[in-house]
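The values are calculated or read from the model by the stated rules, or taken from the named source; none is laboratory data. Please read all numbers here as calculations on a predicted model, not as lab measurements. Every residue, glycine among them, receives a Cβ derived from its backbone with ideal geometry; neighbour counts consider all protein chains shown. Keep in mind that these areas ignore ligands, DNA and RNA; they rest on the heavy atoms of the full protein, side chains included. Shrake-Rupley method; radii C 1.70, N 1.55, O 1.52, S 1.80 Å.
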Amino acid sequence: MKYLRIKGNAMGTKASEIFAKLEALAPLSFQENYDNCGLQVGFETADVDKVLVCLDVTEAIIKEADELGCQLVISHHPLIFKGLKQVSDRTYQQRCIVEALRRGISVYSSHTCLDNAPGGVNHRIAEKLGLVGVSFLQPSTSGLFGSGLVGELEEEISADRFFRKLQQTFRVSCLRHSEPRDRMIRRVALCGGAGAFLLPDAVKAGADCFITGELHYHDYFENNGVLLAELGHYQSEQYTCELIRDTVSAAFPDIEVRITSIDTNPIRYSQL
(Lines give C-alpha, C1' and ligand atoms only; values in the text may rest on other atoms or scores of the structure.)
Protein backbone atom coordinates (compact mmCIF):
# COMPACT_ATOMS: atom_id res chain seq x y z
CA MET A 1 0.00 0.00 0.00
CA LYS A 2 1.23 3.50 -0.83
CA TYR A 3 1.07 6.23 1.81
CA LEU A 4 1.13 10.04 1.63
CA ARG A 5 1.89 10.30 -2.07
CA ILE A 6 1.89 14.09 -1.98
CA LYS A 7 4.82 14.63 -4.34
CA GLY A 8 4.50 14.54 -8.09
CA ASN A 9 6.60 16.05 -10.82
CA ALA A 10 8.68 18.85 -9.30
CA MET A 11 7.52 21.08 -12.15
CA GLY A 12 3.90 19.90 -11.91
CA THR A 13 0.75 21.92 -11.36
CA LYS A 14 -0.09 22.60 -7.73
CA ALA A 15 -3.48 21.58 -6.43
CA SER A 16 -4.04 25.18 -5.34
CA GLU A 17 -3.74 26.33 -8.97
CA ILE A 18 -6.55 23.97 -9.98
CA PHE A 19 -8.68 25.15 -7.08
CA ALA A 20 -8.15 28.75 -8.17
CA LYS A 21 -9.31 27.97 -11.70
CA LEU A 22 -12.45 26.23 -10.43
CA GLU A 23 -13.15 29.16 -8.12
CA ALA A 24 -12.75 31.60 -11.00
CA LEU A 25 -15.79 29.89 -12.52
CA ALA A 26 -17.58 29.19 -9.24
CA PRO A 27 -16.35 31.38 -6.35
CA LEU A 28 -16.90 29.87 -2.92
CA SER A 29 -18.89 33.00 -2.05
CA PHE A 30 -21.60 31.76 -4.43
CA GLN A 31 -22.39 28.73 -2.26
CA GLU A 32 -25.49 28.42 -0.08
CA ASN A 33 -25.00 29.05 3.65
CA TYR A 34 -25.62 25.40 4.56
CA ASP A 35 -22.98 24.11 2.15
CA ASN A 36 -19.29 23.20 2.47
CA CYS A 37 -17.59 23.73 -0.87
CA GLY A 38 -13.85 23.78 -1.42
CA LEU A 39 -10.99 21.62 -0.19
CA GLN A 40 -12.33 18.70 1.84
CA VAL A 41 -9.24 16.60 2.42
CA GLY A 42 -5.59 16.92 1.50
CA PHE A 43 -2.86 19.26 0.44
CA GLU A 44 -3.03 22.56 -1.45
CA THR A 45 0.70 22.34 -2.20
CA ALA A 46 0.59 18.83 -3.72
CA ASP A 47 1.71 18.41 -7.33
CA VAL A 48 -1.07 17.12 -9.59
CA ASP A 49 -0.83 15.50 -13.00
CA LYS A 50 -3.91 13.25 -12.84
CA VAL A 51 -7.43 14.15 -11.70
CA LEU A 52 -10.54 12.02 -11.19
CA VAL A 53 -13.95 13.75 -11.46
CA CYS A 54 -17.14 12.42 -9.84
CA LEU A 55 -20.49 13.46 -8.40
CA ASP A 56 -20.09 11.68 -5.06
CA VAL A 57 -17.03 10.66 -3.07
CA THR A 58 -17.21 7.03 -1.93
CA GLU A 59 -14.66 4.46 -0.85
CA ALA A 60 -14.81 2.99 -4.36
CA ILE A 61 -13.98 6.42 -5.82
CA ILE A 62 -10.91 6.78 -3.59
CA LYS A 63 -9.79 3.29 -4.61
CA GLU A 64 -10.30 4.11 -8.30
CA ALA A 65 -8.32 7.34 -7.94
CA ASP A 66 -5.48 5.44 -6.28
CA GLU A 67 -5.43 2.74 -8.96
CA LEU A 68 -5.34 5.38 -11.71
CA GLY A 69 -2.56 7.30 -9.99
CA CYS A 70 -4.68 10.43 -9.45
CA GLN A 71 -3.49 12.88 -6.82
CA LEU A 72 -6.77 14.80 -6.80
CA VAL A 73 -10.47 13.94 -6.77
CA ILE A 74 -12.90 16.71 -7.72
CA SER A 75 -16.50 16.01 -6.78
CA HIS A 76 -19.75 17.89 -7.05
CA HIS A 77 -21.26 16.78 -3.74
CA PRO A 78 -19.06 17.53 -0.72
CA LEU A 79 -17.66 14.62 1.25
CA ILE A 80 -17.98 16.68 4.44
CA PHE A 81 -21.19 18.68 4.99
CA LYS A 82 -21.03 19.04 8.77
CA GLY A 83 -18.12 19.17 11.18
CA LEU A 84 -16.75 15.81 12.27
CA LYS A 85 -15.97 15.05 15.91
CA GLN A 86 -13.76 12.13 15.00
CA VAL A 87 -12.04 10.54 12.02
CA SER A 88 -12.14 6.75 12.31
CA ASP A 89 -13.54 3.78 10.42
CA ARG A 90 -17.11 4.18 11.71
CA THR A 91 -18.72 5.85 8.69
CA TYR A 92 -18.05 5.82 4.96
CA GLN A 93 -17.18 9.53 5.09
CA GLN A 94 -14.54 9.01 7.76
CA ARG A 95 -13.15 5.96 5.97
CA CYS A 96 -12.87 8.01 2.76
CA ILE A 97 -10.90 10.67 4.62
CA VAL A 98 -8.56 8.10 6.16
CA GLU A 99 -7.95 6.32 2.86
CA ALA A 100 -7.47 9.56 0.92
CA LEU A 101 -4.86 10.76 3.41
CA ARG A 102 -3.13 7.38 3.43
CA ARG A 103 -2.79 7.51 -0.32
CA GLY A 104 -1.90 11.19 -0.58
CA ILE A 105 -5.10 12.00 -2.48
CA SER A 106 -6.74 15.40 -2.06
CA VAL A 107 -10.50 15.89 -2.38
CA TYR A 108 -12.11 19.14 -3.56
CA SER A 109 -15.84 19.75 -3.97
CA SER A 110 -17.64 22.37 -6.04
CA HIS A 111 -21.30 22.09 -5.09
CA THR A 112 -23.84 24.91 -4.81
CA CYS A 113 -21.25 27.48 -5.84
CA LEU A 114 -21.10 25.65 -9.19
CA ASP A 115 -24.89 25.24 -9.25
CA ASN A 116 -25.35 28.98 -8.83
CA ALA A 117 -22.56 30.19 -11.11
CA PRO A 118 -23.10 31.62 -14.61
CA GLY A 119 -21.99 28.85 -16.92
CA GLY A 120 -22.39 26.35 -14.09
CA VAL A 121 -24.42 23.17 -13.54
CA ASN A 122 -27.81 24.60 -14.46
CA HIS A 123 -26.43 26.30 -17.56
CA ARG A 124 -25.02 22.95 -18.69
CA ILE A 125 -28.48 21.38 -18.22
CA ALA A 126 -30.08 24.22 -20.20
CA GLU A 127 -27.50 23.74 -22.94
CA LYS A 128 -28.29 20.02 -23.15
CA LEU A 129 -31.98 20.88 -23.59
CA GLY A 130 -31.30 23.57 -26.18
CA LEU A 131 -32.82 26.41 -24.14
CA VAL A 132 -32.22 29.98 -25.27
CA GLY A 133 -32.59 33.34 -23.54
CA VAL A 134 -31.89 31.85 -20.10
CA SER A 135 -31.94 33.87 -16.88
CA PHE A 136 -31.77 33.02 -13.18
CA LEU A 137 -35.00 31.93 -11.51
CA GLN A 138 -33.85 33.34 -8.18
CA PRO A 139 -31.02 35.81 -8.78
CA SER A 140 -28.74 36.94 -5.97
CA THR A 141 -29.05 40.52 -4.75
CA SER A 142 -25.95 41.33 -6.80
CA GLY A 143 -27.37 39.62 -9.86
CA LEU A 144 -23.97 37.98 -10.48
CA PHE A 145 -25.24 34.48 -9.68
CA GLY A 146 -28.45 32.74 -8.72
CA SER A 147 -30.50 29.59 -8.23
CA GLY A 148 -32.17 27.76 -11.11
CA LEU A 149 -32.79 29.00 -14.64
CA VAL A 150 -35.66 29.73 -16.97
CA GLY A 151 -35.42 29.81 -20.75
CA GLU A 152 -37.24 28.81 -23.92
CA LEU A 153 -37.12 26.01 -26.44
CA GLU A 154 -36.51 27.01 -30.04
CA GLU A 155 -40.04 25.83 -30.84
CA GLU A 156 -43.12 24.84 -28.91
CA ILE A 157 -43.54 21.07 -28.59
CA SER A 158 -46.04 18.72 -26.97
CA ALA A 159 -45.49 17.56 -23.40
CA ASP A 160 -45.19 13.95 -24.53
CA ARG A 161 -42.47 14.87 -27.03
CA PHE A 162 -40.70 16.96 -24.40
CA PHE A 163 -40.80 14.08 -21.91
CA ARG A 164 -39.20 11.80 -24.51
CA LYS A 165 -36.52 14.44 -25.04
CA LEU A 166 -35.84 14.51 -21.29
CA GLN A 167 -35.59 10.74 -21.08
CA GLN A 168 -33.23 10.51 -24.03
CA THR A 169 -31.04 13.45 -23.00
CA PHE A 170 -30.63 12.35 -19.40
CA ARG A 171 -30.84 8.59 -20.03
CA VAL A 172 -33.80 8.27 -17.67
CA SER A 173 -35.81 5.05 -17.92
CA CYS A 174 -38.34 6.15 -15.30
CA LEU A 175 -39.53 9.77 -15.44
CA ARG A 176 -41.89 11.09 -12.76
CA HIS A 177 -44.14 13.92 -13.89
CA SER A 178 -47.52 15.55 -13.38
CA GLU A 179 -50.51 15.02 -15.67
CA PRO A 180 -49.67 16.52 -19.11
CA ARG A 181 -53.30 16.87 -20.33
CA ASP A 182 -52.30 17.63 -23.92
CA ARG A 183 -50.06 20.49 -22.81
CA MET A 184 -47.63 22.33 -25.08
CA ILE A 185 -44.18 23.31 -23.81
CA ARG A 186 -42.08 26.33 -24.74
CA ARG A 187 -40.94 28.12 -21.58
CA VAL A 188 -38.94 25.82 -19.28
CA ALA A 189 -37.65 26.36 -15.73
CA LEU A 190 -35.04 24.04 -14.24
CA CYS A 191 -32.79 23.31 -11.32
CA GLY A 192 -30.41 20.39 -10.96
CA GLY A 193 -30.61 18.34 -7.76
CA ALA A 194 -33.10 19.20 -5.01
CA GLY A 195 -34.88 22.16 -6.60
CA ALA A 196 -38.37 21.97 -5.07
CA PHE A 197 -37.78 25.29 -3.26
CA LEU A 198 -37.82 27.06 -6.64
CA LEU A 199 -41.30 25.94 -7.70
CA PRO A 200 -42.89 29.30 -6.69
CA ASP A 201 -40.25 31.07 -8.78
CA ALA A 202 -40.99 28.81 -11.76
CA VAL A 203 -44.68 29.70 -11.44
CA LYS A 204 -43.86 33.41 -11.19
CA ALA A 205 -41.62 33.15 -14.27
CA GLY A 206 -44.53 31.79 -16.33
CA ALA A 207 -42.89 28.44 -17.01
CA ASP A 208 -44.85 25.78 -18.87
CA CYS A 209 -42.72 23.10 -17.22
CA PHE A 210 -40.39 22.91 -14.22
CA ILE A 211 -37.65 20.27 -14.29
CA THR A 212 -35.58 19.26 -11.29
CA GLY A 213 -34.00 16.27 -9.61
CA GLU A 214 -36.37 15.95 -6.65
CA LEU A 215 -39.83 17.23 -5.75
CA HIS A 216 -42.13 16.73 -2.77
CA TYR A 217 -45.45 14.91 -3.01
CA HIS A 218 -47.49 18.04 -2.24
CA ASP A 219 -45.69 20.04 -4.92
CA TYR A 220 -47.81 18.13 -7.41
CA PHE A 221 -50.94 19.63 -5.83
CA GLU A 222 -49.53 23.12 -5.48
CA ASN A 223 -47.93 23.60 -8.91
CA ASN A 224 -50.42 26.26 -10.09
CA GLY A 225 -50.71 24.65 -13.49
CA VAL A 226 -46.98 24.30 -14.18
CA LEU A 227 -46.11 20.86 -15.52
CA LEU A 228 -43.60 19.11 -13.24
CA ALA A 229 -40.90 16.61 -14.18
CA GLU A 230 -38.49 14.78 -11.84
CA LEU A 231 -35.33 13.40 -13.38
CA GLY A 232 -33.79 12.02 -10.19
CA HIS A 233 -31.08 13.85 -8.25
CA TYR A 234 -28.13 11.98 -9.73
CA GLN A 235 -29.55 11.96 -13.26
CA SER A 236 -30.21 15.70 -13.27
CA GLU A 237 -26.62 16.53 -12.30
CA GLN A 238 -24.73 13.88 -14.27
CA TYR A 239 -23.33 16.37 -16.78
CA THR A 240 -21.59 18.26 -13.97
CA CYS A 241 -18.70 15.83 -14.39
CA GLU A 242 -18.32 16.96 -18.01
CA LEU A 243 -18.37 20.60 -16.90
CA ILE A 244 -15.63 20.10 -14.32
CA ARG A 245 -13.52 18.01 -16.71
CA ASP A 246 -13.82 20.60 -19.47
CA THR A 247 -12.92 23.45 -17.11
CA VAL A 248 -9.79 21.78 -15.76
CA SER A 249 -8.67 20.36 -19.11
CA ALA A 250 -8.98 23.75 -20.85
CA ALA A 251 -6.88 25.46 -18.18
CA PHE A 252 -4.33 22.67 -17.72
CA PRO A 253 -3.94 20.72 -20.97
CA ASP A 254 -0.98 18.74 -19.59
CA ILE A 255 -3.07 17.27 -16.78
CA GLU A 256 -4.94 14.02 -17.41
CA VAL A 257 -8.55 14.46 -16.29
CA ARG A 258 -10.82 11.43 -16.12
CA ILE A 259 -14.49 11.07 -15.30
CA THR A 260 -15.12 8.18 -12.94
CA SER A 261 -16.30 4.89 -14.42
CA ILE A 262 -18.31 4.22 -11.23
CA ASP A 263 -22.05 4.90 -10.99
CA THR A 264 -22.36 6.37 -7.49
CA ASN A 265 -26.14 6.82 -7.64
CA PRO A 266 -27.41 5.09 -4.47
CA ILE A 267 -30.98 4.84 -5.83
CA ARG A 268 -32.13 2.00 -8.05
CA TYR A 269 -35.41 1.44 -9.90
CA SER A 270 -37.10 -1.96 -10.23
CA GLN A 271 -39.78 -2.81 -12.76
CA LEU A 272 -42.44 -5.41 -11.99
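Things worth noting here:
- Test: residue in the range 58-73 that is farther than 17 Å from GLY12 by Cα and under 14 Å from the mean Cα position of the chain (by Cα): no
- In the range 160-173, the residues that are under 17 Å from TYR239 (Cβ atoms) and open to solvent by 30 Å² or more (accessible area, probe 1.4 Å) reach residues that are small (Gly, Ala, Ser) and not in a helix (DSSP H, G or I) with C-beta atoms within less than 9 angstrom, at least six apart or across chains, in these pairs: LYS165/GLY130; GLN167/SER173.
- Apart from one condition, ASN116 fits all of (1) closer than 16 Å to VAL257 by Cβ; (2) crowded, with 20+ Cβ neighbours inside 10 Å; (3) touching a residue at least 60 places away in the same chain (Cβ under 8 Å); (4) not β-branched (Val, Ile, Thr); the exception is (1).
- Of all residue pairs spaced 6 or more apart or on separate chains, those with beta-carbon atoms under 9 Å, a first member in the range 91-112 that is farther than 27 Å from ALA20 by Cβ and without any contact (Cβ under 8 Å) to a residue 12 or more places away in the chain and a second member that is of a type outside the set (A, V, I, L, M, F, W, C) and surrounded by fewer than 24 Cβ atoms within 10 Å (Cβ to Cβ) are GLN94/GLN86; GLN94/SER88; VAL98/SER88; VAL98/ASP89.
- So SER135, is it among the hydroxyl-bearing types (Ser, Thr, Tyr), more than 17 Å from GLN31 (Cβ to Cβ) and crowded, with 19+ Cβ neighbours inside 10 Å: no
- One residue from LEU84, LEU79 being crowded, with 21+ Cβ neighbours inside 10 Å and outside any helix (DSSP H, G or I): LEU79
- Residues (surrounded by fewer than 21 Cβ atoms within 10 Å (Cβ to Cβ) and either at pLDDT below 95 or more than 20 Å from VAL107 (Cβ to Cβ) (or both)) located in the range 234-245: TYR239
- Filtered residues of the range 119-136 (kept if touching a residue at least 40 places away in the same chain (Cβ under 8 Å) and either among the basic types (Lys, Arg) or within 23 Å of GLN167 (Cβ to Cβ) (or both)): VAL121, ASN122, ARG124, ILE125, ALA126, LYS128, LEU129, LEU131
- Single residue of the range 186-209 satisfying the filter (in contact with a Gly (Cβ under 8 Å, 6 or more places away or on another chain) and within 11 Å of GLY151 (Cα to Cα)) that is surrounded by the fewest Cβ atoms within 10 Å (Cβ to Cβ): ARG187
- Here is the figure for the range 234-257: residues that are in contact (Cβ under 8 Å) with a residue 24 or more places away in the chain and either within 16 Å of the chain's Cα centre (by Cα) or part of a helix (DSSP H, G or I) (or both) total 15.
- Residue in the range 24-41 that is surrounded by 17 or more Cβ atoms within 10 Å (Cβ to Cβ), over 30 Å from GLY143 (Cβ atoms) and touching a residue at least 12 places away in the same chain (Cβ under 8 Å) present: yes
- Just one residue in the set VAL57, VAL53, VAL98 is at pLDDT 95 or above, outside any loop (DSSP other than H, G, I, E, B), closer than 28 Å to GLY148 by Cα and of a type in the set (A, V, I, L, M); that residue is VAL53.
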